[in-house]
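Undergrad: This is the structure, below, for whatever I ask next.
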Amino acid sequence: MARNPHERIQSATARAIAAHGYAETTVKDICAEGEISEQAFYEHFKNKQEAAMSALETGVDQVMLELRETFNAASTWPEAIWNTTGAVLEWMADEPAFTRLAFVEMLVAGEAALELLQSLMDAFAIFLEPGYKLVPEKAPSRRLVDETVANAIFGLLHEHIVREGAEGVHVLLPEMARRILTPFLGAEEAAAFVAQRSAQG
């Protein structure tokens with residue numbers, strides 16, 4: 001994944017933190033993981049937190065490019081949500097260190113990290129936009145729906161990753177899709193769509 005020294009340190013940071021936990025990871029651990037000198041680390045980042053935040057941003061940028069293509073290729077919005085959710089879960093399973101960094105370790109990485117995490121979660125709201133054409137005018141505000149969906153999905157992923165790790169996150173696809181679609185389609189229609197797509201494999 002890493003193609004230059006900056007990305008090499010980002011990748012090493014994610015792996016070291018996933019292995020040791022954010023609080024216990026040191027710059028020495030990161031350097032050992034990436035087989036780099038501390039001098040090289042400090043040429044790119046001032047501390048562990050900055051390196052972790054940079055790794056998170058880069059990872060999200062990478063996955064967002066892939067998700068936009070998947071989303072735009074679908075014929076309907078529910079299909080786009082199903083396909084995009086499946087794609088992000090597949091990416092997460094392939095990048096377990098990044099996944100643990102994003103959904104577990106960044107929660108204890110300080111206020112700046114939490115603010116970054118929230119802003120990155122907000123960026124995924126772009127995929128909900130077409131859904132608002134399906135809801136009644138008197139529905140809750142977009143901000144409230146966005147936050148409700150984001151919190152539900154983050155909580156589901158966090159719990160699974162803490163308990164079982166990132167490798168098996170693909171099993172969450174039906175439940176994640178249902179939670180995303182329900183505020184827009186209603187519980188019954190969302191459940192029916194998820195059942196139909198699950199049956200198709």
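The values are calculated or read from the model by the stated rules, or taken from the named source; none is laboratory data. Every value quoted in this text rests on a predicted model; they were computed, and no experiment measured them. Virtual Cβ from ideal backbone geometry, glycine too; neighbours counted across all protein chains shown.
Undergrad: Would you please name the residue that is modelled with the lowest pLDDT, looking only at residues in region 143-173 that are under 22 Å from residue 123 (Cβ atoms) and exposed (fewer than 14 other Cβ atoms within 10 Å of the Cβ)?
TA: 143
Undergrad: With in contact (Cβ under 8 Å) with a residue 40 or more places away in the chain and within 22 Å of residue 72 (Cβ to Cβ) as the only criterion, which of 135, 149 stands out?
TA: Answer to the selection: 135.
Undergrad: Do we have any residue at all in region 4-19 that's in contact (Cβ under 8 Å) with a residue 24 or more places away in the chain, outside any helix (DSSP H, G or I) and crowded, with 20+ Cβ neighbours inside 10 Å?
TA: No: zero hits.
Undergrad: Of the residues 163, 179, 197, which single one is in a helix (DSSP H, G or I) and more than 22 Å from residue 79 (Cβ to Cβ)?
TA: Checking each option against the conditions leaves just 163.
Undergrad: Give the residue, chosen from 24, 50, that is in a helix (DSSP H, G or I) and either closer than 17 Å to residue 106 by Cβ or free of Cβ contacts under 8 Å to residues at least 60 places away in the same chain (or both).
TA: Answer to the check: 50.
Undergrad: Right, another one. Considering only region 32-47, state which residues are in a helix (DSSP H, G or I) and buried (at least 20 other Cβ atoms within 10 Å of the Cβ).
TA: Those that are in a helix (DSSP H, G or I) and buried (at least 20 other Cβ atoms within 10 Å of the Cβ): 33, 34, 41.
Undergrad: Among (1) more than 19 Å from the chain's Cα centre (by Cα); (2) free of Cβ contacts under 8 Å to residues at least 24 places away in the same chain, where does residue 44 come up short?
TA: (2)
Undergrad: Residue check: is residue 74 without any contact (Cβ under 8 Å) to a residue 40 or more places away in the chain, in contact with a helix residue (DSSP H, G or I) (Cβ under 8 Å, 6 or more places away or on another chain) and over 24 Å from residue 6 (Cα atoms)?
TA: yes
Undergrad: State all residues of region 68-112 that are surrounded by fewer than 16 Cβ atoms within 10 Å (Cβ to Cβ), of a type outside the set (A, V, I, L, M, F, W, C) and not in a helix (DSSP H, G or I); if no residue qualifies, say none.
TA: Passing the criteria: 75, 76, 110.
Undergrad: For residue 184, are the conditions met, namely being out of contact with any Pro (no Cβ under 6 Å at 6 or more places or on another chain) and either surrounded by 14 or more Cβ atoms within 10 Å (Cβ to Cβ) or at pLDDT 95 or above (or both)?
TA: Spelling it out, residue 184 is indeed out of contact with any Pro (no Cβ under 6 Å at 6 or more places or on another chain) and either surrounded by 14 or more Cβ atoms within 10 Å (Cβ to Cβ) or at pLDDT 95 or above (or both).
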